[in-house]
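Structure first, commentary second.
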Amino acid sequence: MAQERYDVVVAGGGHNGLTAAAYLGRAGLSVLVLERLDHVGGAAISAQAFEGFPTRLSRYSYLVSLLPEQIRTDLGLDIELASRQTASYSPFLDGSRATGLLVETPEGEATAASFRAVTGSDEEYAAWQSFYSEVGELAQVVAPTLTSPLPTGAAIRSGVGAPIWRDIVERPLGEAIERRFANDLVRGVVATDALIGTFAGLGEASLIQNRCFLYHLIGNGTGEWRVPIGGMGAVTGAIAKAAYAAGAEVVTSATVTSISGGAVGEGAEVTWTDASGSHTVAADYVLSGLAPYVLDGLLGRPATTAKPVGAQLKINMLLSRLPRLRSGEDPEVAFAGTLHLGESYSELERAYAEASAGSVPTEMPGEVYCHSLTDPSILGDVPPGTQTLTYFGLHAPATLFEDPATRSERKEQAVERAIASLDRHLLDPVSSVVARTADGEPCIEAKIPQEIEADLAMPGGHIFHGDLAWPWAPDDADLTTPAARWGVATDLGTVLVCGSGAVRGGAVSGLGGHNAAQAVLELR
């Protein structure tokens, strides 16, 4: 630490905190970033997960969609994002017949033919095209507003058709899916974007599933999820480079222990501990990249919201080669995009019901990604044929693993069922193709919400720091202050939110950091 007072102190060196630091430093402000871990990046890092293999996995967050081109341009970020040749492949068993639904990037005749073969007609694909065309119109309206002061819901609503506004914003998403699509598998493929990191039924009245769905479809107006070349750590690395170049100071292994603030003009203070003891620094403003639940504790007050409940099982694997599928689909096509497992509509709803009742789902729904097919650079010097495989399991809420006495057993059960959901569609079970360390251990790493919380200080292991909010303000919102206009306000004028807990937070987007920085610049 070079001084005792800064214009801005950022608590948390994740990608959002670094984004804020880069913008503010470029504007000439003095900025100090405090990070608990011995490295920056938070969940957006690449790491060597398996001893003896140099492969660097995107260990926690996987793909990039919501990072606006504007932020990349503003900060001069040297980031390459690659499109996947396959959008998704959904294997399923139709009686004794193994088949699957293929969606290309971009969609073409093979996609239409796959819909026809799976559903028996062209009607489902026509419904698919119509639905996503309408969703695309909504995305085109919302995306440009993400790096501007919050619009009102009425302003967004005026730019889109009434049917899609009703289906996505006003009524539970399940109603639209059931009305628009007839095939159980197609319904499920549509529904999965509503359940990533969100524990909800598709008919949930709170509409948290709708908000999750919207965020997964609006990135840069297209909703395409791309692979960062060099791994997710390359994204954070580029943002960190921009922050350092802008003059931001970054202190790692610094655990923030308290934050205080007040009305605008009253300043703020942050206290943290590191190997040399306890330190306090003053600032005009403090930006929190931490979850709002954690921030309340640091402010020394009761939590203003309930502790979030994460709802995912993450499994990272290294394979000696890709397994063959029972359907006969080329593995390099099937695994190149998002491979949907146990995610038909009925399977999703059944898994949610079982998890809600306190049981690990009998058939775990989840999604598999093979980033190394799109970006072999992450593999390093490994034997030919080696590939990464990453599994994101749905409907695995933290509540299933709350009891320490049964946590290990339940985690093992969930992992077994997740791998079984993949093996069901393979000629070569995972156990026959998984790479092994020198001592014979399989290269499989699994994390439940409690472990994500321990690793990343995300309460409840919730990957969004809490339920996502609509990316606009209520029509009657008071937007008279810069912090409110940018969706980063707390009840303290000198303490703002810059992480996933911001109104337009969630995913690897930099939006929380960008918008908090803009609010500070307006305040000054």
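The values are calculated or read from the model by the stated rules, or taken from the named source; none is laboratory data. If you're wondering where the values come from, they're calculated on a predicted model, not measured in any experiment. Positions of Cβ are backbone-derived with ideal geometry, glycine not excepted, and every protein chain shown enters the neighbour counts. Heads up: the accessible areas ignore ligands, DNA and RNA and are worked out on the full protein's heavy atoms, side chains in. Shrake-Rupley method; radii C 1.70, N 1.55, O 1.52, S 1.80 Å.
Any residue in the stretch 491-511 that is open to solvent by 40 Å² or more (accessible area, probe 1.4 Å), modelled with pLDDT of 95 or more and not in a loop (DSSP other than H, G, I, E, B)? Within the stretch 491-511, not a single residue is open to solvent by 40 Å² or more (accessible area, probe 1.4 Å), modelled with pLDDT of 95 or more and not in a loop (DSSP other than H, G, I, E, B). So, of the residues in the stretch 68-92 that are touching a strand residue (DSSP E or B) at 6+ places or on another chain (Cβ under 8 Å) and of a type in the set (A, V, I, L, M, F, W, C), which turns out to be farthest from residue 420 (Cα to Cα)? Here the residue is 79. When you go through 73, 86 one by one, which is the residue that is out of contact with any Leu (no Cβ under 6 Å at 6 or more places or on another chain), open to solvent by less than 10 Å² (accessible area, probe 1.4 Å) and over 27 Å from residue 256 (Cβ atoms)? It is 86. All conditions but one from (1) buried (at least 16 other Cβ atoms within 10 Å of the Cβ); (2) touching a strand residue (DSSP E or B) at 6+ places or on another chain (Cβ under 9 Å); (3) within 30 Å of residue 38 (Cβ to Cβ) apply to residue 455; the one that does not is (1).
Candidates 187, 179: the one that is out of contact with any Ser or Thr (no Cβ under 8 Å at 6 or more places or on another chain) and not in a loop (DSSP other than H, G, I, E, B) is 179. For the stretch 277-288, the set of residues classified as among the β-branched types (Val, Ile, Thr), in contact (Cβ under 8 Å) with a residue 24 or more places away in the chain and surrounded by fewer than 24 Cβ atoms within 10 Å (Cβ to Cβ) consists of 281 only. Inspection of the stretch 42-59 identifies at least one residue that is within 30 Å of residue 186 (Cβ to Cβ), in contact with a helix residue (DSSP H, G or I) (Cβ under 8 Å, 6 or more places away or on another chain) and surrounded by 24 or more Cβ atoms within 10 Å (Cβ to Cβ).
Would you mind finding the one in 162, 194 that is surrounded by 20 or more Cβ atoms within 10 Å (Cβ to Cβ), modelled with pLDDT of 95 or more and among the aliphatic types (A, V, I, L, M)? Going through 162, 194 in turn, just one is surrounded by 20 or more Cβ atoms within 10 Å (Cβ to Cβ), modelled with pLDDT of 95 or more and among the aliphatic types (A, V, I, L, M): 194.
Under the condition of being touching a Lys or Arg at 6+ places or on another chain (Cβ under 9 Å) and not hydrophobic (A, V, I, L, M, F, W, C), the residues counted in the stretch 190-214 number 2. The one condition from (1) over 24 Å from residue 47 (Cα atoms); (2) touching a strand residue (DSSP E or B) at 6+ places or on another chain (Cβ under 6 Å) that residue 433 does not meet is (1). Within the stretch 221-250, if we keep just the residues that are over 22 Å from residue 146 (Cα atoms), of a type in the set (A, V, I, L, M, F, W, C) and in a loop (DSSP other than H, G, I, E, B), the residue that is most open to solvent (accessible area, probe 1.4 Å) turns out to be 229. Counting only strands (runs of 3 or more DSSP E) wholly contained in the stretch 48-118, the ones carrying 2 or more residues that are hydrophobic (A, V, I, L, M, F, W, C), at pLDDT 95 or above and over 23 Å from the mean Cα position of the chain (by Cα) occupy 97-104. Against the list (1) over 26 Å from residue 397 (Cα atoms); (2) in contact (Cβ under 8 Å) with a residue 60 or more places away in the chain, the condition residue 330 fails is (2). Screening the stretch 313-328 for residues that are part of a loop (DSSP other than H, G, I, E, B) and out of contact with any Leu (no Cβ under 7 Å at 6 or more places or on another chain) and picking the one that is surrounded by the fewest Cβ atoms within 10 Å (Cβ to Cβ) gives 328. Residues in the stretch 289-307 that are open to solvent by less than 80 Å² (accessible area, probe 1.4 Å), assigned to a loop (DSSP other than H, G, I, E, B) and farther than 14 Å from residue 491 by Cβ: 289, 290, 291.
All of 268, 334, 246, 291 fail the test of being touching a Lys or Arg at 6+ places or on another chain (Cβ under 8 Å) and at pLDDT 95 or above, apart from 246.
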